[in-house]
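Beneath this line is the structure, given in structure tokens, with notes to follow.
The values are calculated or read from the model by the stated rules, or taken from the named source; none is laboratory data. Owing to the predicted nature of the structure, the values given are computational and were not obtained by experimental measurement. Here the Cβ positions follow ideal geometry from the backbone for every residue, glycine too, while neighbour counts run over all protein chains shown. Surface accessibility is based on the protein's heavy atoms, side chains included, excluding ligands, DNA and RNA. Shrake-Rupley method; radii C 1.70, N 1.55, O 1.52, S 1.80 Å.
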Amino acid sequence: MTEREPAADDGGPGSVSRRDFLLTTGTVAGAGLSTAAVTGRGAAAPTVAASPAEHAAARDAVKRADAAVAVERAETTDGLERFAAGEVDALVGSRPMLPSERARVADEGVDYRGREIVSGAAVLRPPESSWVECLSPSGIAGTWAGDGPVETWAEVDSGVSRIAGALTRTVERGSEGPPGGEASSAPSADVLVRGSRAYQYAVGAGGVGYYEPGDWLVRTTAGDVDSATPVVRLAYLYADRDALSRSTVGEFARAYERRVAEGIGDVTYAERPFGPA
């Protein structure tokens, strides 16, 4: 049984593959435009909204690109509302757009590009003999539509050692969690994990679906990583197409891609059963 993700981009005009997204932002590099260029949305300086989980990476990307881009912290739901209203040029959110949000963006005449990006790593350590129930589409949408913090993760199909290495680097940098200790996801954040392993589901066995991991999420290498389930955090980058044609937003997008790629690299993880990223 496969649970369809209610908020996945379904291949419509607003969706783009990783390759196409990079090609689009890459073409901006040779344009020779000033970083003070005015975007098509009328803002003197481009603005990026970033969810709490992605805010630090977004700010670091701006520094790396040395781009004149303002980064504001916003929960994903609020950020998507501002994106549709033309108040921000790009959004780095912690979940994809819901169908109602895609409709609103279309109604506002916003032509955008967006895709899913791996932005973090962790492991799941569920108690022995535990099981999870696959959430219904309405349950997923209800969690994503809230105003509070939300994070979306996916089980990794391969590359356990790479996840372990990423967690070690995280601890060494001291950016998340105390060295040698275990740090769970923020208690105030709703966390959903996308998985495809049949043994985990008491309901909806097999296929791909989402579940709530409770306090199983661990962001450090404390303990035996090989016996845990590696997972990656997913971010969703949406950018106004007109803004991408200007140097600053394109520079930010490329820097963000590079920043998150350095942490983990390519891993195979549970993908959505329908539609491109």
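Residue check: residue 59 meets all listed conditions (1) touching a residue at least 24 places away in the same chain (Cβ under 8 Å); (2) part of a helix (DSSP H, G or I) but one, namely (1). Filtered by the rule that a residue be modelled with pLDDT of 75 or more and either aliphatic (A, V, I, L, M) or closer than 19 Å to residue 261 by Cα (or both), region 220-236 gives 228, 230, 231, 232, 233, 234, 235, 236. Of all the criteria given as (1) open to solvent by 50 Å² or more (accessible area, probe 1.4 Å); (2) over 15 Å from residue 47 (Cα atoms), the one not satisfied by residue 85 is (2).
On the stretch given as region 124-139, residues that are open to solvent by 80 Å² or more (accessible area, probe 1.4 Å) and not acidic (Asp, Glu) total 3. The residues of region 236-271 that are under 21 Å from residue 109 (Cβ atoms), open to solvent by 30 Å² or more (accessible area, probe 1.4 Å) and acidic (Asp, Glu) amount to a single one, 242. Condition test on residue 157, is it modelled with pLDDT of 85 or more and either in contact with a helix residue (DSSP H, G or I) (Cβ under 8 Å, 6 or more places away or on another chain) or open to solvent by 50 Å² or more (accessible area, probe 1.4 Å) (or both)? No. Across region 168-184, not a single residue is classified as at pLDDT 85 or above, open to solvent by 10 Å² or more (accessible area, probe 1.4 Å) and touching a helix residue (DSSP H, G or I) at 6+ places or on another chain (Cβ under 9 Å). Taken over region 204-218, the criterion of being modelled with pLDDT of 70 or more and open to solvent by 20 Å² or more (accessible area, probe 1.4 Å) is satisfied by 207, 208, 212, 214, 215, 216.
Residue 135 meets each of the listed conditions (1) assigned to a loop (DSSP other than H, G, I, E, B); (2) at pLDDT 90 or above; (3) of a type outside the set (Lys, Arg) apart from (2). Filtered by the rule that a residue be in a loop (DSSP other than H, G, I, E, B) and either open to solvent by less than 10 Å² (accessible area, probe 1.4 Å) or of a type outside the set (A, V, I, L, M) (or both), region 88-123 gives 88, 89, 94, 95, 96, 97, 108, 109, 111.
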